[in-house]
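Please read the structure below before turning to the comments.
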Amino acid sequence: MATTLFTQNIIACIWDFDKTLIPGYMQAPLFRRHGIDEATFWAETNALVENYRRRGYQLSGEISYLNHLLTYVLAGKFGRLNNRQLRACGADIAFYPGLPGFFDLAKTYVAEKPEYRKHEIKLEHYIVSTGLAEMVRGSAIAPHVDGIWGCEFIENPLQPGFLKQGEMEITADAVIAQIGMVIDNTTKTRALFEINKGTNKNAAIEVNANVKPEDRRIPFPNMLYIADGPSDIPSFSVVKGGGGRTYGVYNPEHHGEFEQNDRLLQAGRIHGYGPADYTPASSTARWLRMHLHSICDRIVNDREQAVAQKTTKPPRHLNATPEEEAARKAAKGPKQGTFLE
């Protein structure tokens with residue numbers, strides 16, 4: 001991989017959310033607040049595609065749960081639900097052991113050795129989820145991350161003729177009415193390339209722009225992708241194929257999730273897997289620390305090699321020692337006209 005002298009010293013941990021950072025689905029607090037049976041909602045959602053097909057409609061499975069949430073809103077099941085309320089529900093999300101503290105702890109791993117600090121290696125955390133971005137933003141982990149990708153809703157949609165009107169007042173009584181952004185298991189990979197190229201930090205860089213590998217803000221070998229299962233295979237493939245690390249987590253209480261991760265390992269989708277326990281002594285925290293150090297070591301080596309290859313030592317005056325001067329004179333032999341006895 002081509003290297004530059006002073007860039008690409010940032011590492012990214014990219015996290016799925018549901019069943020990776022939390023045991024279930026983030027929407028659970030929303031259902032509890034409004035007395036909605038969670039199992040019923042998901043059973044209905046899973047049946048939408050087939051039921052609409054029978055009625056002659058084609059429905060994308062990736063947006064079915066978002067549409068069904070809006071249907072519940074229209075039916076009055078969630079009251080006048082808005083983004084502010086979704087963010088408030090996010091505060092009730094319960095995380096796996098060790099979170100959110102592990103996110104800050106992991107950032108100390110990349111500063112544990114003097115050479116890491118010398119090269120100013122830094123770690124950033126990103127969440128890329130098919131869940132609701134507003135709920136993640138309202139959760140306890142939000143202050144510890146550097147970026148969030150998730151599904152978004154629009155409140156008070158712009159009405160026909162809005163281009164001819166002046167600035168319209170946004171009322172406090174807003175209600176979500178349209179889907180603004182969809183993140184599904186395939187479009188997650190777009191977020192990976194946005195992080196890779198730095199689109200999320202510099203809007204002037206388009207995600208489809210041709211950016212040389214050595215010019216990308218966070219190259220794929222500097223990435224770790226952590227998720228819970230087969231739905232993340234597209235993202236696992238992109239990161240692993242690009243030279244990054246991939247790790248699967250499972251709920252220790254669910255034996256099927258353990259077997260699922262083992263199949264992913266045997267299929268070559270992930271480099272390792274472990275329990276969704278992020279306390280410092282857990283096997284998952286140890287694995288992540290070890291591989292963060294491995295990436296740091298490679299960054300240090302690449303950058304120091306780049307300095308050696310791309311710089312030359314300036315010329316300097318040489319002062320010979322007395323021994324070196326005597327040896328030089330002896331090598332030249334006697335001066336002309338000198339007699340030897």
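Nothing in this text is a laboratory measurement; each read-out follows from the coordinates by a stated rule. The model shown is predicted, which means the values in this text are computed figures rather than measured ones. Every residue, glycine as well, gets a Cβ built from its backbone with ideal geometry; the counts of neighbours run over all protein chains shown.
Here are the numbers:
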quantity: Considering only the chain, percent of DSSP beta bridges that pair antiparallel, nearest 5; calculated: 15 percent
quantity: Helix axis angle, 322-332 relative to the chain longest principal axis, alpha carbon, degrees; calculated: 60 degrees
quantity: Net charge dipole size for region 35-77 [Lys, Arg +1 and Asp, Glu -1 on Cβ; Debye, nearest 20]; calculated: 240 debye
quantity: Descending semi-axes in Å of region 212-311, equivalent ellipsoid built from Cα gyration tensor; calculated: 30, 16, 9
quantity: Furthest towards positive pole of dipole, Asn200, Thr130, Pro275, structure part the chain, Cβ charges; calculated: Asn200
quantity: Cα-only Debye scattering, region 1-156: base-10 log of I(q)/I(0) at q = 0.11, 0.14, 0.20 Å⁻¹; calculated: -0.56, -0.79, -1.27
quantity: Low-density loop cleavage sites - GluC sites (Glu not before Pro) in region 76-141, where at most 13 other Cβ are within 10 Å (DSSP); calculated: Glu112, Glu120
quantity: In Hz, Karplus ³J(HN,Hα) per residue of region 250-258 (6.51, -1.76, 1.60; θ = phi - 60°; x = Gly, Pro); calculated: 9, 7, x, 7, 10, 4, x, 5, 4
quantity: Amide hydrogen neighbours beyond the local backbone of Ile154, cut-off 5 Å, H modeled; calculated: Ala177, Gln178, Ile179, Gly180
quantity: Rg/Rh (Cα only; Kirkwood hydrodynamic radius) as it applies to region 35-77; calculated: 0.98
quantity: Residues whose placed amide H lies under 5 Å from that of Trp149, excluding near-sequence neighbours; calculated: Ile127, Val128, Ser129
quantity: Per-residue ³J(HN,Hα) for region 131-141, Karplus 6.51 cos²θ - 1.76 cosθ + 1.60, θ = phi - 60°, Hz, x for Gly and Pro; calculated: x, 9, 4, 5, 5, 5, 5, x, 7, 5, 8
quantity: The chain - Rg (one decimal) and Dmax (whole number), Cα, Å; calculated: 28.5, 121
quantity: Footprinting exposure proxy for Glu194, Glu323 (fewest neighbouring C-beta atoms within 10 Å first); calculated: Glu323, Glu194
